[in-house]
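The values are calculated or read from the model by the stated rules, or taken from the named source; none is laboratory data. Since this is a predicted model, take the numbers as computed values, not measurements. Heads up, the Cβs are rebuilt from the backbone with ideal geometry, glycines too, and the neighbour counts pull from every protein chain shown.
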């Protein structure tokens, strides 16, 4: 049976959706907020340099999707209004496909930034998360987050929970800029950026494909199965139901 050598772990690397945070919060609350506020946000901020960069990158992705036969919504450029409308349609098309491309995640993060600052959004984590954060810090371990959501979005989520500002416990935030979460190279980059060898990391996620990549990079891994009956093929990863199992 696989096991975890917790005494050897220096860094605990955490996924968010389904691991620290209910999936419904991400899909219904965060994605729902982004969908409802997308067009107004683009219209109000279309001349901001960061938004322009996102739009330029999205336009390139749109052209690639068109060339490769994915049939995305047409990117209109006749007027500024047409561009904003078509950009919004393309972003929604990407969200429907659970795309992880950088400009989409940046744009979502900026919309959520407004929502958090206005008090319309509050971060949500499972009840065992703050207990674990406190325990791991006392044990001298460092905590890092790796999520497809932008670093800005991650900071807001952990900084605004009903348990207080949990971002104070977190040493580093990694997003898609380091690479996709199913790539071995991404986990090696995280270890290098943390000045720590891969075998001193424990990565926790609810997705086996991500754990496979982290394990191949040399990290210890554990599969989080928060709901009974959802285990499936664990592919040899340690299985735990919550963070209380990691004393």
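Here is a check on your reading of the model: is residue 125 within 14 Å of the chain's Cα centre (by Cα) and over 16 Å from residue 175 (Cα atoms)?
Working: within 14 Å of the chain's Cα centre (by Cα): yes; over 16 Å from residue 175 (Cα atoms): yes.
So residue 125 fits the description; yes.
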Condition check for residue 188: under 30 Å from residue 233 (Cβ atoms), in the same structural domain as residue 51 (by TED's automatic domain parsing) and in contact with a helix residue (DSSP H, G or I) (Cβ under 8 Å, 6 or more places away or on another chain): no
Could you tell me which residue of segment 190-228 is surrounded by the fewest Cβ atoms within 10 Å (Cβ to Cβ), considering only residues that are without any contact (Cβ under 8 Å) to a residue 24 or more places away in the chain and under 21 Å from residue 20 (Cβ atoms)? 228
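Can you work out which of the residues in segment 102-121 that are exposed (fewer than 15 other Cβ atoms within 10 Å of the Cβ) and in contact with a helix residue (DSSP H, G or I) (Cβ under 9 Å, 6 or more places away or on another chain) is farthest from residue 34 (Cα to Cα)? It would help to see each step written out before you state the result.
Pass one, segment 102-121, residues exposed (fewer than 15 other Cβ atoms within 10 Å of the Cβ): 117-120.
Imposing the further condition that a residue be in contact with a helix residue (DSSP H, G or I) (Cβ under 9 Å, 6 or more places away or on another chain) reduces the set to 117, 120.
Details: 117: 14, 120: 12 Å.
Applying the filter and picking the extreme gives 117.
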Consider residue 62 carefully, then state whether it is surrounded by fewer than 15 Cβ atoms within 10 Å (Cβ to Cβ), more than 20 Å from the chain's Cα centre (by Cα) and closer than 22 Å to residue 150 by Cβ. no
Would you please list the contacts, defined by Cβ atoms under 8 Å and residues six or more apart or on different chains, that run from a residue in segment 61-79 that is at positive phi to a residue that is assigned to a helix (DSSP H, G or I) and modelled with pLDDT of 95 or more? 71/65
Residue 60 fails exactly one of (1) in the same structural domain as residue 188 (by TED's automatic domain parsing); (2) under 20 Å from residue 176 (Cα atoms), namely (1)
